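Chemist: Okay, handing you the structure first.
The values are calculated or read from the model by the stated rules, or taken from the named source; none is laboratory data. As the structure is a prediction and not an experimental result, all values here were calculated from the model. Glycine also receives a Cβ, built like all others from the backbone with ideal geometry; neighbour counts cover every protein chain displayed. Note: areas computed on protein heavy atoms with side chains; ligands, DNA, RNA excluded. Shrake-Rupley method; radii C 1.70, N 1.55, O 1.52, S 1.80 Å.
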Amino acid sequence: MASTENDPLKIGRKVFLWTVLGAAVFVASAWLLVSRGSLMASWYLAQGSTYAADIDNLVLLIGIIVGVWLLAAELVLFWLIFRFRARKGVAGQYIAGEDKREKRWVSYPHYAVLAFDVVILVFALRVWNDIKVTAPATEETVRIVAQQWAWTFIHEGPDGKLDTPDDIRTVEDLYVQVNKVYRFELHSRDVLHSFSVPVFRLKQDAIPGRMISGWFTPTVTGTFDIQCAEICGLGHGYMPAHLHVQTPAERTAWLRDREADRFAGRAIPPTPVALVPARPEAVVAADHPAGHALAPAGVEGR
Amino acid sequence: MTVRLFGAGVVAGLMLVGMSTTACGGGAASPITGRDLYRSCESCHGISGEGDTKVEAPQIAGLPAWYVSSQLERFQQGLRGKHPDDVEGLRMRAMASQMMSKAEIEAVASYIAGLTPRPKAAPALKGDPAAGASFYAVCGACHGPKGEGIQQMNAPPLAGFEDWYVARQLRKFQTGVRGRITEDPVGLQMSGMAMTVPPESVDNVAAYVHGLSK
């Protein structure tokens, strides 16, 4: 009984069968992935900014390079398993890979990895340069303030300037106009956050005490998600926001309504930028000169 | 061998089916209690609702259920805690969104109402209660002369409230950080009333409220 279970031929056949099954599953999933376009992020999520396609193409390039070589390597692996399967009367042998002919199986793929790394690097640096190093001329600036656990957006009012009385401050809703170049100033009031707009393919960390600049140009109108992509405490999952990309006509109407709010006393006055990263007491105190800081000496020592 | 493999496959399949059914129908089988829901609150407000000044969370133990539910609803609807300068309110707004229905709000509110408040803490501010007494007369019209609260006026009990919390909320009402939403008549009413306290007397009124007992 034991001798038949340990028969190398039987084991070899079993391994071979599983190998064929594995190869079939592998080829089928690769085919599904490619045929259904799952490699293309744009099939799932609109490309909503001028640079969204650059990011997607970079991811696709890496996906194709890695995918093709994975496929090739797996095919070689399955072929080797088949080619050197157990055979009656042939003893297994230990191959150390010292022969030049055998070493090539390792060294050639190694050179290929290096070569393709350079290709990826060249494309990645180009995209990095286009998005992070250079920027088109700014047409409008928006200030983004992250805190536990909300996003506040400060829009230029009709005067086209921040830190003036007609600034429009909103919580949870960012309003931008399609095809306009926006520069953003990202602040955090407390801890690390990350401003993530999937349709823009934009993700930028916010760091307390620092103002981080970036840019985007929306290309598709509609309402999209904004999320925090850096664990920032208990309520991290409860701080979503909405991005509204407006047509020029919608923008004009929106600005007109906000001006009406302002004259009706319904608008929220601007926060001076110096106070944005500050403790809330400073903000309240600024609105209210007689204001008293909350955490007085007595609280801590109690 | 084949039988064993087949068995493993069946078990795996059953587990998958089991997971999908619990994911769909698990909620109906065991209703969530106020105690369960309160877990979302306790990291800031404390296990027994005692509050935590380090995260600006006031004591909530023993607050009337009607007041807790009305505030949770306000946070959810953006009537409270949606002002860009309401740093603590914005935090609470996110946390309040975890209550998924009116029933859940009521369950957690009645749990909080049943918690026992801790003995009154020492005042955190240096307000003078005697100087605040005269301004409290206006507050007492709705909140009751002893700060006992009057539900018909939508006025919560204030007696024994932490002075730092009272002072901060008064300032928020005064500066428009709280209570200035057109759709919130109660908040607007309180904003108007808050204006009767001169800014330099806010701490004194808070000290007076802190000293009240029902």
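Chemist: Please enumerate the residues belonging to segment B:30-64 that are closer than 24 Å to B:D86 by Cβ and aliphatic (A, V, I, L, M).
Modeler: B:L37, B:V55, B:A57, B:I60, B:A61, B:L63
Chemist: Please specify each residue of segment B:92-126 satisfying the condition of being more than 9 Å from chain A (Cβ to nearest Cβ) and in a loop (DSSP other than H, G, I, E, B).
Modeler: Scanning segment B:92-126 gives B:M99, B:M100, B:S101, B:G114, B:L115, B:T116, B:P117, B:R118, B:P119, B:K120.
Chemist: Can you list the strands (runs of 3 or more DSSP E) lying wholly within segment A:158-198 that have 2 or more residues being of a type in the set (S, T, N, Q) and at pLDDT 95 or above? Full working, then the answer.
Modeler: Numbers: elements: A:168-171, A:173-177, A:182-188, A:193-197.
The strands (runs of 3 or more DSSP E) meeting that bar are A:193-197.
Chemist: For segment B:200-214, how many residues meet the condition of being closer than 21 Å to B:P64 by Cβ, more than 11 Å from chain A (Cβ to nearest Cβ) and open to solvent by less than 30 Å² (accessible area, probe 1.4 Å)?
Modeler: Looking only at that region, the number is 3.
Chemist: Consider segment B:57-80. How many of its residues are touching a residue at least 40 places away in the same chain (Cβ under 8 Å) and either part of a loop (DSSP other than H, G, I, E, B) or in contact with a Leu (Cβ under 9 Å, 6 or more places away or on another chain) (or both)?
Modeler: The number of residues fulfilling the criteria is 10.
Chemist: Now, a different point. Please give the number of the condition A:G157 fails out of (1) under 24 Å from A:Q47 (Cβ atoms); (2) surrounded by 12 or more Cβ atoms within 10 Å (Cβ to Cβ); (3) more than 14 Å from chain B (Cβ to nearest Cβ).
Modeler: Result: A:G157 passes all but (1).
Chemist: Still on this structure, I have one more. From the list A:A146, A:A72, A:A53, A:A135, which one is of a type in the set (G, A, S), at pLDDT 90 or above and in a helix (DSSP H, G or I)? Please lay out each step first, then the result.
Modeler: Working: A:A146 fails: in a helix (DSSP H, G or I); A:A72 fails: at pLDDT 90 or above; A:A135 fails: in a helix (DSSP H, G or I).
Selected residue: A:A53, the only one of A:A146, A:A72, A:A53, A:A135 that is of a type in the set (G, A, S), at pLDDT 90 or above and in a helix (DSSP H, G or I).
Chemist: Residues of segment B:163-199 being open to solvent by less than 20 Å² (accessible area, probe 1.4 Å) and charged (D, E, K, R), which ones?
Modeler: Once the filter is applied, which keeps residues that are open to solvent by less than 20 Å² (accessible area, probe 1.4 Å) and charged (D, E, K, R), segment B:163-199 yields B:D163, B:R171, B:K172, B:D184.
Chemist: Kindly establish whether B:G160 is touching a Lys or Arg at 6+ places or on another chain (Cβ under 8 Å), away from chain A (no Cβ under 13 Å), surrounded by fewer than 21 Cβ atoms within 10 Å (Cβ to Cβ) and over 21 Å from B:A133 (Cα atoms). Step through it out loud before you land on a result.
Modeler: On the way: touching a Lys or Arg at 6+ places or on another chain (Cβ under 8 Å): yes; away from chain A (no Cβ under 13 Å): yes; surrounded by fewer than 21 Cβ atoms within 10 Å (Cβ to Cβ): yes; over 21 Å from B:A133 (Cα atoms): no.
When the stated conditions are applied, B:G160 does not pass them.
Chemist: Can you tell me how many residues in segment B:144-180 are in contact (Cβ under 8 Å) with a residue 60 or more places away in the chain, among the hydrophobic types (A, V, I, L, M, F, W, C) and within 16 Å of B:L90 (Cα to Cα)?
Modeler: Number satisfying all stated conditions: 1.
Chemist: Which residues, taken from segment A:83-131, are outside any helix (DSSP H, G or I) and either touching a His at 6+ places or on another chain (Cβ under 9 Å) or β-branched (V, I, T) (or both)?
Modeler: Going residue by residue through segment A:83-131, those that are outside any helix (DSSP H, G or I) are A:84-99.
Result: A:V90, A:I95.
Chemist: Please work out if B:M153 is among the aliphatic types (A, V, I, L, M) and within 14 Å of another protein chain (Cβ to nearest Cβ). Show your work before the answer.
Modeler: Numbers: among the aliphatic types (A, V, I, L, M): yes; within 14 Å of another protein chain (Cβ to nearest Cβ): no.
In short, no.
Chemist: Among the residues of segment A:160-181, write down those that are among the β-branched types (V, I, T), in contact (Cβ under 8 Å) with a residue 60 or more places away in the chain and more than 14 Å from chain B (Cβ to nearest Cβ).
Modeler: A:T164, A:V176, A:V178 - these are the residues of segment A:160-181 that are among the β-branched types (V, I, T), in contact (Cβ under 8 Å) with a residue 60 or more places away in the chain and more than 14 Å from chain B (Cβ to nearest Cβ).
Chemist: Condition first: in a helix (DSSP H, G or I), more than 22 Å from A:G235 (Cβ to Cβ) and within 11 Å of chain A (Cβ to nearest Cβ). Can you find one or more residues in segment B:177-191 that meet it?
Modeler: So far as segment B:177-191 goes, no, none of its residues is in a helix (DSSP H, G or I), more than 22 Å from A:G235 (Cβ to Cβ) and within 11 Å of chain A (Cβ to nearest Cβ).
Chemist: Restricting attention to segment B:73-86, and to residues there that are surrounded by 18 or more Cβ atoms within 10 Å (Cβ to Cβ) and charged (D, E, K, R), which single residue is farthest from B:D184 (Cα to Cα)?
Modeler: B:D85
Chemist: Could I ask something else about it? Out of A:F216, A:F184, A:F195, I need the residue that is surrounded by 15 or more Cβ atoms within 10 Å (Cβ to Cβ), more than 14 Å from every other protein chain (Cβ to nearest Cβ) and touching a residue at least 60 places away in the same chain (Cβ under 8 Å). Which one? Don't jump to the end; show me each part of the working.
Modeler: Numbers: A:F184 fails: touching a residue at least 60 places away in the same chain (Cβ under 8 Å); A:F195 fails: touching a residue at least 60 places away in the same chain (Cβ under 8 Å).
On inspection, the qualifying residue turns out to be A:F216.
Chemist: Quick check on this structure: which one of A:P248, A:P240, A:P269 is modelled with pLDDT under 65 and not aliphatic (A, V, I, L, M)?
Modeler: Working: A:P248 fails: modelled with pLDDT under 65; A:P240 fails: modelled with pLDDT under 65.
Result: A:P269 is the single residue among A:P248, A:P240, A:P269 that is modelled with pLDDT under 65 and not aliphatic (A, V, I, L, M).
Chemist: Let me ask another. Scan (1) open to solvent by less than 20 Å² (accessible area, probe 1.4 Å); (2) outside any helix (DSSP H, G or I); (3) within 14 Å of chain A (Cβ to nearest Cβ) for the single condition B:G89 breaks and write down its number.
Modeler: Only one criterion in (1) open to solvent by less than 20 Å² (accessible area, probe 1.4 Å); (2) outside any helix (DSSP H, G or I); (3) within 14 Å of chain A (Cβ to nearest Cβ) is unmet by B:G89, namely (2).
Chemist: Please specify each residue of segment B:123-145 satisfying the condition of being of a type in the set (F, W, Y) and open to solvent by 20 Å² or more (accessible area, probe 1.4 Å).
Modeler: Correct list: B:F135 only.
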